[in-house]
Amino acid sequence: MTPSEAASYLRVSEEDVMAAIEAGDLKARKLGSAFRISKSALDEFPVHPHNNAIEMIKRMMILCFIFIDF
């Protein structure tokens, strides 16, 4: 499947999928200039559907602490 299809399957952005591939966290095959990801690689990938929300909350908390310190 393509990175776009994988992103939909994992409920993350295509940029997150590409970053995981480039970091070596998500297995993918490169065919020419395109990547292909197997369903088994996606099923092994440790992603939680709420990761994006959790990361956003963490960033907001950090910003709140920064503003409180000033």
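Quick note: the coordinates plus some simple rules give every number you see, no bench work behind them. A quick note: this is a predicted structure, and the numbers were derived from the prediction, not measured. Heads up, the Cβs are rebuilt from the backbone with ideal geometry, glycines too, and the neighbour counts pull from every protein chain shown.
At-a-glance table
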| item | result |
| --- | --- |
| In segment 1-21, the residues that are crowded, with 18+ Cβ neighbours inside 10 Å and in a helix (DSSP H, G or I) | Pro3, Ala6, Ala7, Leu10, Asp16, Val17, Ala20, Ile21 |
| Selection within segment 22-46 - small (Gly, Ala, Ser), in a helix (DSSP H, G or I) and over 11 Å from the mean Cα position of the chain (by Cα) | Ser40, Ala41 |
